[in-house]
Amino acid sequence: MLTGNQLKSYKEQGYLLLKNFLQKEEVQQVLDDAKNVFFRQFLNKGYLENASLSDTSDATFNNCLYRLFEEDIETLSNCGKQAQHLISLHALSLNEKIQKLLGAIQMGFPVISTRPVMFFNHPKLAKEKVFYKVDAHQDWRSMQGSLNSAVIWIPLIDIDKSLGALEILPGSHLKGLTTDHIEKGFGMVSLDGIAPEDFLSVEVEVGDILLFSSFLVHQSGENVSDSPRWSCHFRYNDLDESSFIARKFAHAYIYKPIDDLITPDFPSKEEIAKVFQ
Ligand SMILES: O=C(O)CCC(=O)C(=O)O
C-alpha cells in the first residue's frame, strides 16, 4: 500500500499526498449526491423548473446556491446538514483502500473519530469567516484521540490555489500540540514565528487524497474563484494507541437533538396515513 519511503516521509513530514488514490466515479458520486440535496430545494423554491442536475451548468447551480444563502439561510443550512449524512459520503470514509492505508501507517485498530465532514466553502456562503476559511489550526485539539490519529482530506472537485487549496505546514506535527485557544471547535495555532511562505498549498485533483497527522498545522487557502470549494474530511483514531487507552478513549464530541430545532405540531395523523397508503 505504501513504500518504505512514503511511510518515512509521512512520519517526518506529517503528510502524504496520494495521487489517483480513489476511483474518480466514487468521489463524483459524493459530489452529485451533495448537489442533489440542494437541487431538490432549488426545485421546491422554483429557482429552477423541470431541470435535472446533470442538465444544469455549474454556474447556474452556484447562482442558485448563493441565492438560497441570501434568501433562506435555514434551508441552506439544513441542506448542508443533510449533505453530512449522505450514504455515499459515509461509504467513502469506509473505502477499503482507505482502511488499508490506515493499517499502512501503523494503526492497529482504526476507528472513526468524528463523523465524516463535507465542506462547500465560499465567501458568498458564509456570515463569518470561519465558515469559509479556517485559520491555522491542529485537528488533534478537538479530536483529542490517539496520538497517531490521522485525517484524510479529499477534494470533490479539482482544487487549485484560486479555489482555496488547503495549506499545510510540513513537519509541524513533530512540534506537538501548539494550539493556544479554541475557536468554533478548532484548536487555533498562533502564526508567531511562522512565515506565510512556510505553508505549502496542496493543489489536488479528483481521485487524490491528502493524508495527514492530526497534529499537522493546516489552514484553508483563500477561495477567490466564483465556485464553492467542495471537499470532504475524514478523521480516524487508533484504539491500540497506549495513551488513548490510558486516557479512557477521551472523546470531546456529543451528538444529540437540540430542542429548539424540533418542529412542533407536525405531522398530523392524516399526513402519516398518506405516506402509508
Ligand atoms: O478544508 C479546510 O479549508 C479546513 C478544514 C479543516 O482544516 C478541518 O476540517 O479541520
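Of the conditions (1) more than 13 Å from the ligand (Cβ to nearest atom); (2) modelled with pLDDT under 95, Val130 clears all except one; give me its number.
Here Val130 clears every test but (1).
Residue under question is Ser268, and the condition is that it be hydroxyl-bearing (Ser, Thr, Tyr) and either surrounded by 14 or more Cβ atoms within 10 Å (Cβ to Cβ) or closer than 16 Å to Phe109 by Cα (or both); does it hold? Please lay out each step first, then the result.
Details: hydroxyl-bearing (Ser, Thr, Tyr): yes; either surrounded by 14 or more Cβ atoms within 10 Å (Cβ to Cβ) or closer than 16 Å to Phe109 by Cα (or both): no.
Taking the combined requirement at face value, the residue does not satisfy it.
From the list Ser214, Ser220, which one is under 20 Å from Ile112 (Cβ atoms), at pLDDT 95 or above and surrounded by 15 or more Cβ atoms within 10 Å (Cβ to Cβ)?
On the way: Ser220 fails: under 20 Å from Ile112 (Cβ atoms).
On inspection, the qualifying residue turns out to be Ser214.
In region 181-188, is there at least one residue being under 22 Å from Ala104 (Cα atoms), within 15 Å of the ligand (Cβ to nearest atom) and crowded, with 20+ Cβ neighbours inside 10 Å? Show your work before the answer.
Here is the first cut: in region 181-188, the ones under 22 Å from Ala104 (Cα atoms) are none.
So far as region 181-188 goes, no, none of its residues is under 22 Å from Ala104 (Cα atoms), within 15 Å of the ligand (Cβ to nearest atom) and crowded, with 20+ Cβ neighbours inside 10 Å.
If you go through region 126-150, how many residues are surrounded by 21 or more Cβ atoms within 10 Å (Cβ to Cβ) and over 22 Å from Ser172 (Cβ atoms)?
Qualifying residue count, region 126-150: 1.
Would you mind finding the one in His122, His137 that is closer than 17 Å to Gln219 by Cα, away from the ligand (no atom under 11 Å from the Cβ) and under 15 Å from the mean Cα position of the chain (by Cα)?
Numbers: His137 fails: away from the ligand (no atom under 11 Å from the Cβ).
Among His122, His137, only His122 is closer than 17 Å to Gln219 by Cα, away from the ligand (no atom under 11 Å from the Cβ) and under 15 Å from the mean Cα position of the chain (by Cα).
In region 150-170, how many residues are away from the ligand (no atom under 12 Å from the Cβ) and out of contact with any Leu (no Cβ under 9 Å at 6 or more places or on another chain)?
Residues in region 150-170 being away from the ligand (no atom under 12 Å from the Cβ) and out of contact with any Leu (no Cβ under 9 Å at 6 or more places or on another chain): 4 in total.
Please tell me if Ile98 is surrounded by 14 or more Cβ atoms within 10 Å (Cβ to Cβ) and among the β-branched types (Val, Ile, Thr). Even if it seems obvious, please write down each step before you answer.
Details: surrounded by 14 or more Cβ atoms within 10 Å (Cβ to Cβ): yes; among the β-branched types (Val, Ile, Thr): yes.
The answer is yes for Ile98.
Quick test of your reading of the structure: Gly171 fulfils all but one of (1) small (Gly, Ala, Ser); (2) surrounded by fewer than 20 Cβ atoms within 10 Å (Cβ to Cβ); (3) within 17 Å of the chain's Cα centre (by Cα). Name the failing condition by number.
(3)
Name the residues in region 205-236 that are within 15 Å of the ligand (Cβ to nearest atom) and either over 23 Å from Asp135 (Cα atoms) or not in a strand (DSSP E or B) (or both), would you? Even if it seems obvious, please write down each step before you answer.
Going residue by residue through region 205-236, those that are within 15 Å of the ligand (Cβ to nearest atom) are 208-225, 227-236.
Listed by number, the residues that qualify are Asp208, Ser214, Phe215, Leu216, Val217, Ser220, Gly221, Glu222, Val224, Ser225, Ser227, Pro228.
Which of (1) away from the ligand (no atom under 14 Å from the Cβ); (2) over 23 Å from Ile98 (Cβ atoms); (3) surrounded by 15 or more Cβ atoms within 10 Å (Cβ to Cβ) is the odd one out, the single condition Gly176 does not satisfy?
Evaluating Gly176 over (1) away from the ligand (no atom under 14 Å from the Cβ); (2) over 23 Å from Ile98 (Cβ atoms); (3) surrounded by 15 or more Cβ atoms within 10 Å (Cβ to Cβ) leaves (3) as the failure.
Residues being farther than 25 Å from Glu74 by Cα and either in contact with a Gly (Cβ under 7 Å, 6 or more places away or on another chain) or at pLDDT 95 or above (or both): count how many of those fall in region 252-276.
Taking region 252-276 and keeping what is farther than 25 Å from Glu74 by Cα, we get 252, 269-270, 273-276.
With the extra rule that they be either in contact with a Gly (Cβ under 7 Å, 6 or more places away or on another chain) or at pLDDT 95 or above (or both), the set shrinks to 269-270, 273-276.
Total meeting the criteria: 6.
The values are calculated or read from the model by the stated rules, or taken from the named source; none is laboratory data. Small disclaimer: the values here were computed from a predicted structure and weren't measured. Here Cβ is always computed from backbone atoms with ideal geometry, including for glycine, and neighbour counts include all displayed protein chains.
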